[in-house]
Amino acid sequence: MVMEIRMNAIWCWINILLLISTLSNGVESQRRPLLVNFGDSNSDTGGVLAGIGLPIGLPNGITFFHRGTGRLGDGRLIIDFFCEHLKLSYLSPYLDSLSPNFSSGVNFAVSGATLLPKFVPFALSIQVRQFIHFKNRSLELLSLGSRDLINEEGFRSALYMIDIGQNDLQVALYASNITYRPVAKQIPSFVEEIRLAVQTIYQYGGRNFWIHNTGPLGCQPKELALHPHKSSDLDRVGCLRVHNRVAKTFNKGLRILTEDLRLVYKDAVIVYVDVYSVKYSLFANPEKYGFKNPFAACCGRGAPYFYDRNATCGQPGFSICRNVSESIVWDGVHYAEASNHVVAKRIQKGHYSTPKIKLEQFWYS
């Protein structure tokens, strides 16, 4: 009788410990970092390669991956550094059909993506539709016994990142012959697409949003090379005034949008990230970060900006600078890995965020 009581007590403790372990593991799995990203080439980890088969090979990728991965740059992007910081694997493109890994989240970003026009590959509206299908299909497969997919709680606690708008602004600038007012009139319609995206993601359970503004377009070597200019067309740093004015107007609208969304969705965390200020500081104080010739691309051809539309990076006639780590911009448009690393380190700390939230605080308080 005494032995039976002792055995019952032991089994009781074992069951309690198993329950505690199960609950602990369940909380951990639900609260583990997951990223769901929407955007363009700034955060495309291979979507354009998988989606339309656009060959993006070497020299893209030479610094870190040592092969083409579909990323436009010499190495890692800002989002890759975010993944490293959170101890996640790099995000697989949603469109990748060959051994994708969605354990860390999913990336819907595709190079060249825009806000408008809607419903064209691969506008933000299409990326959001792809997310809805991805979520519904993931939950369906989980109910059928599949594993290693994101569950309902995972989707709810995931961080939804949006970094898009640059291509819309540049297309509008070209169409307006580089004048401010016609572009400024279109900006509210661009911002509205981001509002609709957040609303839809919220309806499908998203509660955490990390929204990047756009960078200083007027500092890109490509823009400086393609548009003849006088010193009066440049700001104190040496960037094109009209381009940056357009970018700042878009960013102001985006900031106001995030303020409005916080009033509507009181149970959501909506963070506005001022990437513009960080990137502009690279051009304003290049020596501080170890950069040289801030307005010269690394991969291309032709002085002084090392950008020639007839010999762009990877095309016949191009060459590569001697030290990629000293370049801010890789190919005239896309940032080099070294500058992406600086930007990622600064913005993930929350100093450029409104509200001031560190990246990891979405899961670890």
**Fill in**
Counted residues in segment 71-93 being farther than 19 Å from residue 324 by Cα, of a type outside the set (A, V, I, L, M) and surrounded by 24 or more Cβ atoms within 10 Å (Cβ to Cβ) come to 1
**Asked** Pairs, please: C-beta under 7 Å, at least 6 apart or cross-chain, first residue free of Cβ contacts under 8 Å to residues at least 40 places away in the same chain and in segment 205-228, second in a loop (DSSP other than H, G, I, E, B)?
**Response** 218/239
**Message:** Conditions first: (1) surrounded by 13 or more Cβ atoms within 10 Å (Cβ to Cβ); (2) under 21 Å from residue 33 (Cβ atoms). Residue 147 passes all but one, so which condition is the exception?
**Reply:** (1)
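Looking at 226, 173, 234, 169, which one is under 20 Å from the mean Cα position of the chain (by Cα) and modelled with pLDDT of 95 or more?
Working: 226 fails: under 20 Å from the mean Cα position of the chain (by Cα); 173 fails: under 20 Å from the mean Cα position of the chain (by Cα); 234 fails: under 20 Å from the mean Cα position of the chain (by Cα).
So the residue among 226, 173, 234, 169 that is under 20 Å from the mean Cα position of the chain (by Cα) and modelled with pLDDT of 95 or more is 169.
Could you list, in sequence order, the residues of segment 28-40 that are in a loop (DSSP other than H, G, I, E, B) and surrounded by 24 or more Cβ atoms within 10 Å (Cβ to Cβ)?
Initial filter on segment 28-40 (in a loop (DSSP other than H, G, I, E, B)): 32-34, 40.
If the condition is that a residue be in a loop (DSSP other than H, G, I, E, B) and surrounded by 24 or more Cβ atoms within 10 Å (Cβ to Cβ), then 34, 40 are the ones that fit.
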**Prompt:** Counting only residues that are over 17 Å from residue 288 (Cβ atoms) and of a type outside the set (A, V, I, L, M, F, W, C), which one in segment 331-348 is surrounded by the most Cβ atoms within 10 Å (Cβ to Cβ)?
**Reply:** 331
**Residue count, segment 293-330 (criterion: in contact with a helix residue (DSSP H, G or I) (Cβ under 8 Å, 6 or more places away or on another chain), part of a loop (DSSP other than H, G, I, E, B) and either within 18 Å of residue 214 (Cβ to Cβ) or among the aromatic types (Phe, Trp, Tyr) (or both))** = 6
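Given the residues 138, 125, which is the only one that is polar (S, T, N, Q), part of a helix (DSSP H, G or I), in contact with a Phe, Trp or Tyr (Cβ under 7 Å, 6 or more places away or on another chain) and surrounded by fewer than 21 Cβ atoms within 10 Å (Cβ to Cβ)?
Unique residue meeting the criteria: 125.
Within segment 152-161, is there a residue that is of a type outside the set (Lys, Arg), part of a loop (DSSP other than H, G, I, E, B) and modelled with pLDDT under 95?
Our first condition is that a residue be of a type outside the set (Lys, Arg); within segment 152-161, this holds for 152-155, 157-161.
After this cut, where a residue has to be part of a loop (DSSP other than H, G, I, E, B) as well, the list is 158.
Within this subset, residues satisfying the condition of being modelled with pLDDT under 95 are none.
Scanning segment 152-161 turns up no residue that is of a type outside the set (Lys, Arg), part of a loop (DSSP other than H, G, I, E, B) and modelled with pLDDT under 95.
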**Request:** Might you let me know whether segment 60-69 holds any residue that is surrounded by fewer than 24 Cβ atoms within 10 Å (Cβ to Cβ), in contact with a helix residue (DSSP H, G or I) (Cβ under 9 Å, 6 or more places away or on another chain) and without any contact (Cβ under 8 Å) to a residue 24 or more places away in the chain?
**Result:** yes
**Request:** Those residues that are among the small types (Gly, Ala, Ser), surrounded by 20 or more Cβ atoms within 10 Å (Cβ to Cβ) and under 19 Å from residue 255 (Cβ atoms), I need them from segment 168-206; list them, please.
**Result:** 197
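The values are calculated or read from the model by the stated rules, or taken from the named source; none is laboratory data. Everything numeric here is computed off the predicted structure, so don't read it as measured data. Using ideal geometry, Cβ is built from the backbone for each residue, glycine included, and neighbour counts are taken over all protein chains shown.
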